[in-house]
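Notes follow the structure.
The values are calculated or read from the model by the stated rules, or taken from the named source; none is laboratory data. This structure is a prediction, so every number in the text was calculated from the model and none was measured. Ideal geometry is used to build each Cβ from the backbone, glycine not excepted, and the neighbour counts take in all protein chains shown. Note: areas computed on protein heavy atoms with side chains; ligands, DNA, RNA excluded. Shrake-Rupley method; radii C 1.70, N 1.55, O 1.52, S 1.80 Å.
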Amino acid sequence: MNYVSTRDPEKKPVNSARAIATGLCPDGGLYMPEKLPTFRLNDFISLMGKTYPERAALILSSYLEDYTYDELLEDAKAAYAEEKFGPHPAPVTALSDMHVLELWHGPTCAFKDMALQLMPRLFVRALRKCEEGREALILVATSGDTGKAALEGYRDVPGTKISVFYPTDGVSRMQKLQMQTQQGSNVSVHGIRGNFDDAQTGVKMIFADQKMKTELDKKGVFFSSANSINWGRLVPQIVYYVSAYVDMVKCGSIQMGESVDVCVPTGNFGDIFAAYLAKRSGLPIGKLICASNKNRVLTDFFESGTYDRTRPFYATVSPSMDILISSNIERLLYLVAGPERTAEYMEKLRTEGKYTLCEKDFEAIRREFVGFTTGEEQTKATIKEVFASEQYLIDTHTAVAVHAAKEYLAAEGAKRKLLTVSTASAYKFASDVLDALESGASADDVLSALSEKTGTPVPAPLADLTKKPVRFGEAIASAEMPDAVRAFADQ
Ligand SMILES: *Cc1c(COP(=O)(O)O)cnc(C)c1O
């Protein structure tokens, strides 16, 4: 299978290893498979008796044709090992009105681990397959969770270095502490004075800086990305939708072939786009419900057909979704509109900060997606309500989705079973979750307080964070990012 740029009508295809090694296409577009694989119900049936790593290797081998099944199985087994994820990396829990896919059992307690424990392994293999002798410098802009998960995934991986930038006042205390205390000999972490989009724009500018590229090339270093603009980051996310579907069949919640609706708390549009890819490859998914927080650029997009990033940016209690430029929308546009119109839309976004879909494209997207917004108070009320009625503890991001799912059910009725994606452990956002459960509650040790209040255990990776030394305490201006990267490359 070949990979092409979302913006290139001439389709100069590369193989999957090259797409993963490179990250962003040379023309600024994102890599997409030229043709998506298709699965049949029999393929899903055959996954029922398999472990998660086996399911992953089987599914991934149809997207990544220049990786062997054995390579993928070896990588998936190492990535989703029980020591890191517990007995099931992506279990499904049934609540009274919906099912919940829990994606936060990994080493950093957020769903990013699902992709970022596997991606570095795919990436290192990609470098070997492409006979790339240079060292890779992975640049990451993060709204919190990606940074930590990428640092954990790439730390001490030979042939790589990783440099992470996050908005210094735009992440939770726990997220900041996780990054500032990061271990490993090949890591660099900077807070920047600005929001996530400033960090992402800064990284994109470094990627586009030809002078710097040449400079680093002379030193035997090249840039790559770990953001969900990289196909290697996106493709592992397809697996858990298939796995969850198979598990829902296995436990009798649905019949094989029955459609389920999927509701995803969304920021950069990577997670929900993976669900859409799974659907395009044959997984029986009905509607895709895109849940946003107060930064409702996507809700407005699905309602009006206009993507407009020229609006105020809000810092919310679900910071990993505080995004105004959802990069993976570009891949959706490519699938519905083709490369020419995608390039036009993206050029409009760059120059005017907005674009409006033509009627045909808007219709095609509206058939598949519906957007909902959950405000700050609704987010907190949902945490409280779900805990009170189901004794089920959810974090702020998951609450955005659960509220959206409930609104969808209220509007549409329960036409199909509904699967809501849970993206973080409540402990990662402990102070806001505690405040939601008991308004005004505060404690010196919020983790213990939350544990006592709910009778749930503090996840081990978060429990001893405050005892670790801070290695990366400083914040810089976004204009200083290129110099920080140069200095790190020289280390
Ligand atoms: C990253 C993240 C999201 C948003 O996922 P996207 O793929 O960026 O849409 C939602 N919740 C949490 C906890 C996250 O870390």
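Brief remarks follow.
- Residue count, segment 324-379 (criterion: among the charged types (D, E, K, R), more than 22 Å from N195 (Cα to Cα) and in contact (Cβ under 8 Å) with a residue 60 or more places away in the chain): 4
Residue by residue, here is whether (1) out of contact with any His (no Cβ under 7 Å at 6 or more places or on another chain); (2) assigned to a helix (DSSP H, G or I); (3) β-branched (V, I, T); (4) within 16 Å of the ligand (Cβ to nearest atom) holds:
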residue	(1), (2), (3), (4)
I254	yes, no, yes, no
G257	yes, no, no, no
G286	yes, no, no, no
I325	yes, no, yes, yes
Y355	yes, no, no, no
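- The test for being of a type in the set (S, T, Y) and more than 22 Å from R18 (Cβ to Cβ) holds for S188.
- In segment 330-378, the residues that are under 22 Å from Y3 (Cα atoms), of a type in the set (D, E) and in contact with a helix residue (DSSP H, G or I) (Cβ under 8 Å, 6 or more places away or on another chain): E330
- Of the residues screened, K428 is not one that is among the basic types (K, R), modelled with pLDDT of 95 or more and surrounded by 16 or more Cβ atoms within 10 Å (Cβ to Cβ).
Listed here are the residues, each with its yes/no results for (1) under 20 Å from the mean Cα position of the chain (by Cα); (2) assigned to a loop (DSSP other than H, G, I, E, B); (3) on the phi < 0 side of the Ramachandran plot; (4) surrounded by fewer than 18 Cβ atoms within 10 Å (Cβ to Cβ).
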{"residue": "V4", "(1), (2), (3), (4)": "no, no, yes, no"}
{"residue": "D8", "(1), (2), (3), (4)": "no, yes, yes, no"}
{"residue": "K11", "(1), (2), (3), (4)": "no, yes, no, yes"}
{"residue": "A19", "(1), (2), (3), (4)": "yes, no, yes, no"}
{"residue": "M32", "(1), (2), (3), (4)": "yes, no, yes, no"}
{"residue": "T38", "(1), (2), (3), (4)": "no, yes, yes, yes"}
{"residue": "I45", "(1), (2), (3), (4)": "no, no, yes, yes"}
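- Residue count for segment 207-251, restricted to those that are touching a helix residue (DSSP H, G or I) at 6+ places or on another chain (Cβ under 6 Å) and of a type in the set (V, I, T): 6.
- Checking every residue in segment 68-87 against the condition of being under 23 Å from F273 (Cα atoms), within 16 Å of the ligand (Cβ to nearest atom) and surrounded by 23 or more Cβ atoms within 10 Å (Cβ to Cβ) gives zero matches.
- Those residues of segment 305-323 which are in contact (Cβ under 8 Å) with a residue 12 or more places away in the chain and away from the ligand (no atom under 12 Å from the Cβ), in sequence order: G305, T306, Y307, D308, R309, T310, R311, F313, Y314, A315
- Test result for T351, away from the ligand (no atom under 16 Å from the Cβ), open to solvent by 40 Å² or more (accessible area, probe 1.4 Å) and either assigned to a helix (DSSP H, G or I) or under 20 Å from N227 (Cα atoms) (or both): yes
- Residue list for segment 259-268, restricted to those being open to solvent by less than 30 Å² (accessible area, probe 1.4 Å) and more than 16 Å from the ligand (Cβ to nearest atom): V260, D261
- Residue match in segment 238-251 (condition: open to solvent by 10 Å² or more (accessible area, probe 1.4 Å), modelled with pLDDT of 95 or more and at positive phi): no
- Of all the criteria given as (1) out of contact with any helix residue (DSSP H, G or I) (no Cβ under 6 Å at 6 or more places or on another chain); (2) modelled with pLDDT of 95 or more, the one not satisfied by P37 is (1).
- Close pairs from segment 238-263: first farther than 21 Å from E368 by Cβ, partner modelled with pLDDT under 95 and part of a loop (DSSP other than H, G, I, E, B), Cβ under 6 Å, at least 6 apart: none
- Applying the criterion of being touching a His at 6+ places or on another chain (Cβ under 8 Å) and in a helix (DSSP H, G or I) to the residues of segment 305-323, the residue that is surrounded by the most Cβ atoms within 10 Å (Cβ to Cβ) is S320.
- Elements of type helices (runs of 4 or more DSSP H) contained in segment 432-491, each with 3 or more residues being out of contact with any Gly (no Cβ under 6 Å at 6 or more places or on another chain) and among the polar types (S, T, N, Q): 446-454
- In segment 90-104, the count of residues that are within 16 Å of the ligand (Cβ to nearest atom), in contact (Cβ under 8 Å) with a residue 12 or more places away in the chain and not aliphatic (A, V, I, L, M) is one or more.
- Criterion violated by F222 - all others in (1) among the aromatic types (F, W, Y); (2) closer than 20 Å to K112 by Cβ; (3) more than 14 Å from the chain's Cα centre (by Cα) satisfied: (2)
- The set of residues in segment 197-235 that are farther than 15 Å from I325 by Cβ, part of a helix (DSSP H, G or I) and open to solvent by less than 30 Å² (accessible area, probe 1.4 Å) comprises I206, M212, L216, W231, G232, R233, L234, V235.
- Looking across segment 129-149, the residues that are within 16 Å of the ligand (Cβ to nearest atom) and not basic (K, R) come down to V140, A141, T142, S143, G144, D145, T146, G147, A149.
- Some residue of segment 406-418 being part of a helix (DSSP H, G or I), surrounded by 14 or more Cβ atoms within 10 Å (Cβ to Cβ) and within 16 Å of the ligand (Cβ to nearest atom): no
- Number of the exception - F273 against (1) touching a strand residue (DSSP E or B) at 6+ places or on another chain (Cβ under 8 Å); (2) within 12 Å of the ligand (Cβ to nearest atom); (3) at pLDDT 95 or above: (1)
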